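Engineer: First the structure, then my questions, so here it is.
Each reported figure results from applying straightforward, stated rules to the coordinates on display, with no laboratory input. The model shown is predicted, which means the values in this text are computed figures rather than measured ones. Ideal geometry is used to build each Cβ from the backbone, glycine not excepted, and the neighbour counts take in all protein chains shown.
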Amino acid sequence: MTDRLTCLFMASVLVVEDDPVIRTALIEVLTGHGYAVRTTHQGFEALREITSSPPDIVVLDLGLPDLDGLDVLRMIRGISRVPVLVATARDDESEIIRLLNAGADDYLVKPFSGGQLAARLAAVLRRSVPAGAAPARRPVLHVADLRIDPTARTAHLAGRELSLTRREFDLLAYLAAHADQVITRRRILTEVWQQPYVEDQTVDVHLSALRRKMGEKPRKPRYLRTVRGLGIKLVSSP
Ligand code: CA
């Protein structure tokens, strides 16, 4: 149940990177942030992948063995509107302008941190919904007595509607989509708040309000468990 729910929310990333060390690091970071990751180390193969089974987003290294990364970017734009985040070793202005003109949605200058990559990806994905497009109806989540409708933005606990703020709702929906997984405060700030630079304690403030509204006992919460030193877990069998 949990796995299926998680999969429905998982964005797929195609990583195009020829350096095996960097590739392994990227797989680790992105998998850790809940992305389904595919990789290729060549430009031609990337184009084939994008055509045959389009990912939600592409992370493209510019220095590839078979093709110039900028050419790969232009070729991607010839066949697809998939968001592309470029990883470049150069940060001079002319290079950035060239990348953006060639159709990059954003760029990262090497070396970059995993946290920065995850935050940029989330931001690009957020922007990539075409203007005017109706938002896709997202599946209703059922976790034990909880029913969360991400499209209607309503949450019910044992049939009673919870009156939640925007943040509280986002927090609950995220934890429910990742039920039984320990989620760090940092991850919540990066992926739910999309503000990786605010204090971890911000999460606790919203968490305690959420617990109160759900009628959780402070010492023995049913659903929203704190895993000391690690993070928060919403349990599916309270
Ligand atoms: Ca390279």
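Engineer: For the pair residue 180 and residue 126, what calculated FRET efficiency results from E = 1/(1 + (r/R0)^6), where r is the Cβ-Cβ distance and R0 = 25 Å, to the nearest 0.05?
Structural biologist: Values: r = 26 Å, r/R0 = 1.04.
For R0 = 25 Å, the calculated efficiency reads 0.45.
Engineer: Once you've got the GNM for the chain with C-alpha springs shorter than 10 Å, pick whichever of 39, 151, 184 has the biggest mean-square fluctuation.
Structural biologist: Taking springs between Cα atoms under 10 Å, the residue moving most is 151.
Engineer: Short version: ³J(HN,Hα) in whole Hz for each residue of segment 99-109, in order, from phi by Karplus 6.51 cos²θ - 1.76 cosθ + 1.60 (θ = phi - 60°), x for Gly and Pro, what are they?
Structural biologist: So the Karplus estimates, Gly and Pro as x, are 5, 5, 5, 7, x, 5, 7, 6, 9, 10, 9 Hz.
Engineer: What is the Cα coordinate range of the chain on the first, second and third principal axes, sorted by size from largest, in whole angstrom?
Structural biologist: 59, 36, 29
Engineer: Same structure, new question: Taking θ as phi - 60°, what are the ³J(HN,Hα) couplings along segment 222-238 by the Karplus curve (6.51, -1.76, 1.60), each to the nearest whole Hz, with x for Gly and Pro?
Structural biologist: With the stated coefficients, segment 222-238 comes to 7, 9, 9, 9, 8, 9, 3, x, 10, x, 10, 9, 9, 8, 8, 10, x Hz.
Engineer: Using the Cα centre of segment 4-128 as the reference point, and only Cβ charges (+1 on K/R, -1 on D/E), how large is the resulting charge dipole? Debye, rounded to the nearest 20.
Structural biologist: Using only the charged Cβ atoms, the result is roughly 580 debye.
Engineer: With θ taken as phi - 60° and the coefficients 6.51, -1.76 and 1.60, list the Karplus ³J(HN,Hα) couplings across segment 87-98 in order, rounded to whole Hz; mark glycine and proline as x.
Structural biologist: For segment 87-98, the Karplus curve yields 9, 10, 8, 10, 10, 6, 4, 5, 5, 4, 4, 4 Hz.
Engineer: Moving on. Mind sorting 84, 37, 182 by how few other Cβ atoms lie within 10 Å of their own Cβ, fewest first?
Structural biologist: Taking fewest neighbouring Cβ atoms as first place, the list is 182, 37, 84.
Engineer: Can you tell me the orientation of helix 69-79 relative to the chain, as the angle in degrees between its alpha-carbon axis and the longest Cα principal axis, to the nearest 10?
Structural biologist: Its long axis makes an angle of about 70 degrees.
Engineer: Another question, then. May I have the extent of the alpha carbons of segment 101-238 along their three principal axes, as whole Å values ordered from largest to smallest?
Structural biologist: On the principal axes, segment 101-238 reaches 54, 37, 22 Å in Cα extent.
Engineer: So, one more: Whole number please: convex hull volume per residue, Cα atoms of segment 60-119, in Å³.
Structural biologist: In segment 60-119, the Cα convex hull volume per residue is 83 Å³.
Engineer: While we're looking at this one, here's another question. Gaussian network model of the chain, Cα springs within a sub-10 Å range: biggest mean-square fluctuation belongs to which of 88, 31, 165?
Structural biologist: Highest fluctuation among the options: 165.
Engineer: Rank these for me by crowding, 44, 169, going from fewest to most other beta carbons within 10 Å.
Structural biologist: 44, 169
Engineer: Quick one: if the Förster radius is 30 Å, what FRET efficiency do residue 142 and residue 101 give, using the C-beta to C-beta distance and rounding to 0.05?
Structural biologist: Efficiency computed from Cβ-Cβ geometry: 0.05.
Engineer: Calculate, in nm to one decimal, what residue 230 and residue 66 gain on full extension: separation in residues at 0.36 nm each, minus their alpha carbon distance. Spell out each step's value before the answer.
Structural biologist: Details: separation 164, 0.36 × 164 = 59.04 nm, distance 4.28 nm.
Extra length available between residue 230 and residue 66 comes to 54.8 nm.
Engineer: Run the numbers for residue 237 and residue 154: contour at 0.36 nm per residue of separation, minus the present Cα-Cα distance, in nm.
Structural biologist: Difference between extended and current length: 27.8 nm.
Engineer: Taking the Cβ-Cβ separation of residue 209 and residue 82 as r and a Förster radius of 45 Å, what is the calculated FRET efficiency to the nearest 0.05?
Structural biologist: So the FRET efficiency works out to roughly 0.75.
Engineer: Quote the charge dipole size of the chain about the Cα centre in Debye, to the nearest 20; the model charges only the Cβ of Lys and Arg (+1) and of Asp and Glu (-1).
Structural biologist: 1640
Engineer: Go ahead and set up a Gaussian network model of the chain, Cα springs under 10 Å, then flag whichever of 23, 219, 153 fluctuates most.
Structural biologist: Fluctuation is largest for 219.
Engineer: Continuing with the same structure: Of all the C-alpha pairs in segment 4-128, what % are more than 26 Å from each other?
Structural biologist: On the way: 897 of 7750 pairs.
Counting every Cα pair in segment 4-128, those more than 26 Å apart make up 12 percent.
Engineer: Please name which of 96, 63, 175 has its Cα lying farthest along the dipole of the chain towards the positive end, using unit charges on Cβ (Lys, Arg +1; Asp, Glu -1) and the Cα centre as origin.
Structural biologist: 175
Engineer: Once both axes come from the Cα atoms, what is the angle between helix 20-32 and the longest principal axis of the chain, in degrees from 0 to 90, rounded to 10?
Structural biologist: Taking Cα atoms only, the helix is inclined about 30 degrees.
Engineer: Right, next: Size of the dipole of segment 175-232 about the Cα centre, Lys and Arg at +1 and Asp and Glu at -1 on the beta carbon, nothing else charged, in debye to 20?
Structural biologist: On the way: 12 positive and 6 negative charges, 85 e Å.
It comes to approximately 400 debye.
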